[in-house]
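A.B. asks: This is the structure I have questions about; it appears just below.
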């Protein structure tokens, strides 16, 4: 039978569990378990009452973005221009920053912010209680931000970017896009949201437009301008150009060194006249079909040039007077572009023929309602809508002499015209510039980057990161501040992408954000029977090789 036994060693008492056994016929105590001193025994008993709770939080992405915001002094820039109002422990600048980070990682309504934030380390990093940050908190803080505040902040950020990240402003990209909303037709409190041509085919909804200027390197969003959804790109370009150049003068010493890149949808006589007056450079594109003198340039006038990426292209250069001044014109031939345009053109013709066949069947039916020739012509015109379609697809309307008001249609393809369009027009891109001294390579490469601004707009419509939608705001002021927060978030993310790229790692922005989001911080809280605070152990969970590399890059970011 086991019993407790105490031994005194060097003046200290120790306890054992012993059992009496016969060894060689004699009873002897055998130690079954050493228990230690009274204090260690007490500790062992108390440990049985310990409770441990472990929880982990998404850490990598929020940590990276907070560090970048600290590196560029974003809170100080915002505080300098925004009111000092404080709500729930956060001032207006803090609210804008956490709202921007939310839009980057998991876009959602302001109401969903609290639930998202408490699953991350963002509240700990910036010192706020996630449960207190309600949608009302955001609305109260956003109410204090005006259009002039946003412009002043964008201007100061532009100056800061040039200092910190060696970003040049010699070439800037300009483009526009739009965002549909669910603002009711009867809502008269908002002026920005109007019906217009929507690039996502949602003409049934009210929309607002965004004009954006970005850097050439890494497409940092610099200057933004929101305007009414029923205004077209050309009309706004002339008005915004003056304002944009005025803001640039406060940032760049020699505005004449700047070259703007824009697409043909922004070719405005007034806008280009403004650029000419300020002696600012520009590169744009022309529709070759509206400049037919450029179509039939013979093949021996083309020469091959090599771009910086090693790609070789055929170009032809000439001069032409546009908008009252002489410009350099560069026509680039691209077999890949030609093949793509041809596929789309032939597919479009097939689609139109299919619609005509259905119309012909309806006309042949005794129940046909097409009794008016003029209305029938308008219907056929709508079917033949699209560039070059009417020139290639010729439709003839015939009337049945025996049955009054009955019509038939027939069509044919003008093969000669189709051959001319495919071989003489498709595959050619026409660039124009007032930078007369630039080489063909400089002109082509300058515009090549412009297409990348579409990536910025794709980000702003990406439902998983950055997206401007959903925007549950119904006034012009709130829409402006909401869009500003989205652009601010995109800027922080693009700076992160630049750091990763500079470290020699080529990952898309989505992959960077998703990989960093997998890095989690675990918190283990141990409660004991002892008095005092529980023991808290914090550590990062195990990372794979890519996560480690990205986190090391983030750690090098200064605050």
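A.B. asks: Kindly state, to the nearest 0.05, the FRET efficiency for residue 360 paired with residue 187, given R0 = 41 Å and r defined as their beta-carbon distance.
C.D. replies: 0.35
A.B. asks: So for 313, 500, fewest C-beta neighbours within 10 Å to most, what's the order? Let's see the in-between values first.
C.D. replies: Working: 313 19, 500 22.
With the fewest neighbours first, 313, 500 line up as 313, 500.
A.B. asks: Mind sorting out which of (i) 37.4, 117; (ii) 34.7, 134; (iii) 47.3, 141 is the real Rg and Dmax of the Cα atoms in Å computed from the coordinates?
C.D. replies: (ii)
A.B. asks: Let me ask you something else. Subtract the Cα-Cα distance of residue 435 and residue 134 from 0.36 nm times their separation in residues, and report this length gain in nm to one decimal.
C.D. replies: Details: separation 301, 0.36 × 301 = 108.36 nm, distance 5.24 nm.
Length difference between fully extended and current span is 103.1 nm.
A.B. asks: Would you mind computing, in nm to one decimal, how far apart the modelled labels at residue 7 and residue 22 are, each placed 7 Å from Cα along Cα→Cβ?
C.D. replies: With each label point 7 Å from Cα toward Cβ, the separation is 2.5 nm.
A.B. asks: Counting other C-beta atoms within 10 Å, which of 433, 188 has the fewest, and how do the rest follow? Don't jump to the answer; show the numbers that get you there.
C.D. replies: Working: 433 21, 188 7.
Least to most surrounded, the residues fall as 188, 433.
A.B. asks: Please report, largest first and rounded to whole Å, the three semi-axes of the ellipsoid equivalent to the stretch 51-103, where each semi-axis is the square root of five times an eigenvalue of the C-alpha gyration tensor. Don't skip to the answer; put the middle values down first.
C.D. replies: Working: eigenvalues 137, 46, 15 Å².
Sorted largest first and rounded, they come to 26, 15, 9 Å.
A.B. asks: Got a sec? How would 555, 391 order by Cβ neighbour count within 10 Å, fewest to most? Walk me through the numbers before you get to the answer.
C.D. replies: Working: 555 10, 391 13.
The fewest-first ordering by Cβ neighbours comes to 555, 391.
A.B. asks: Taking only Cα atoms, what is the 0 to 90° angle, nearest 10, from helix 60-71's long axis to the longest principal axis of the chain?
C.D. replies: The two axes meet at around 80 degrees.
A.B. asks: Also, I was wondering about something else. Quick one: what does P(r) look like for the stretch 290-382 with 5 Å bins over all Cα pairs, in whole %?
C.D. replies: Spelled out bin by bin, the stretch 290-382 gives 2, 9, 12, 13, 11, 9, 9, 8, 8, 7, 5, 3, 1, 0 percent.
A.B. asks: What Rg and what Dmax come out for the stretch 312-353 when only alpha-carbon atoms are used, in angstroms?
C.D. replies: That works out to 15.9, 44 Å for Rg and Dmax.
A.B. asks: To the nearest 10 degrees, how steep is helix 373-383 against the longest Cα principal axis of the chain, on a 0 to 90 scale?
C.D. replies: Approximately 40 degrees, to the nearest 10.
A.B. asks: Continuing with the same structure: For residue 264 paired with residue 501, estimate the spin-label separation in nm (one decimal), with each label point 7 Å from Cα along the Cα-to-Cβ line.
C.D. replies: 2.8
A.B. asks: Which translational diffusion coefficient, to the nearest whole µm²/s, is obtained for the stretch 337-425 from the Stokes-Einstein equation, given a Kirkwood hydrodynamic radius over C-alpha pairs, 4 °C and 1.567 mPa s?
C.D. replies: Numbers: Rh = 14.2 Å.
Once the numbers are plugged in, D ends up at 91 µm²/s.
A.B. asks: P(r) tail for the stretch 152-304, what percent of Cα pairs lie past 25 Å? Intermediate results must be reported in sequence, preceding the final value.
C.D. replies: Values: 4933 of 11628 pairs.
Value for the stretch 152-304 (Cα pairs over 25 Å): 42 percent.
A.B. asks: Same structure, new question: Sorted by mean Cβ packing within 10 Å, highest first, what order do the peptides 93-99, 345-351 take? Don't skip to the end; give the middle numbers.
C.D. replies: Working: 93-99: 24.1, 345-351: 14.3.
Highest-to-lowest ranking by the protection proxy: 93-99, 345-351.
The numbers here are math on the coordinates, done by the rules we state, and not lab data. All values reported here derive from a predicted model rather than from experimental measurement. All Cβ positions, glycine included, derive from the backbone under ideal geometry; neighbour counts span all protein chains shown.
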